[in-house]
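Written below as structure tokens is the structure these notes are about.
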Amino acid sequence: MNNTQFFWVGILILLLCGCAEQQDATDQSELHSYLALQEAIVDMEEEVRGIVTDGPQKNEITHLYRHLNNITNEFEQNNKEEEFVQEKFTSEIPSPQDRVQEEQITVYKKKVILNIDNVYRGFLLDTNSMDPVMDEGTTTLAIKPEAPKDIQPGDIVLFSSDTNEYHIIHRIIEVGEDEQGMYYITKGDNNPTEDPTKVRFEDIVAVVVGILY
């Protein structure tokens, strides 16, 4: 192994160590710099892979190469974690539609008046399916939707189910259409999976427009 090859191995390890120490950086410009640096590291890795290890310095080169692999794996893992965090905090999550207009709300010193027709009032059981948004004892205000298209992902609905004697309050996560017409996929915010059956418009009792704690 000649001096030039030792030089490249040393530079590569220093660069990789520097990248590992910068794993917590979140500034977008720094992220671009890391990606560019990663491309350079790949090129230098090819140089290291080409080093002949049959000689008196074989053990030293093997140790350096293992260290190189460990740092490279750590660098790649850090990139994956950063991409996950960026996606988690930048992706748009559907929210309930704004169904109550400002002119329908009147706030006085000792009371609040909501000028909403045909309001349903509901109370939650202790199922924990909608934690932390709603829990046992939470009061909900809901209204009857007029048409299937009025229901969109993000809406929280009160609906009936053949598998439950009580009405269920879960969030719409998907709207689709099959041979029977429009359907809705629902899920409790705190549940790991979506509800097992499709919800039809005729199953929906009301759409939540207010939550009182």
* Structure fact -> Under 15 Å by backbone N from the virtual spin label 7 Å along Cα-to-Cβ at Gln97, the residues of segment 153-171 are 153-158
* Structure fact -> FRET efficiency (Glu174, Thr138; Cβ distance; R0 22 Å; to 0.05) is 0.35
* Using the structure shown, select from Lys111/Lys149; Lys109/Lys187; Lys149/Lys187; Lys111/Lys144 the pairs with a Cα to Cα distance greater than 27 angstrom. => Lys111/Lys149; Lys109/Lys187
* So between Phe201 and Asp117, what do we pick up on full extension, going 0.36 nm a residue minus the alpha carbon distance? -> 28.2 nm
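We did not get these values from a lab; they are worked out from the coordinates using the rules stated. Values in this document were obtained by computation on a predicted structure and should not be read as measured data. With ideal geometry, Cβ positions are generated from the backbone for all residues, glycine too; neighbour counts draw on all protein chains shown.
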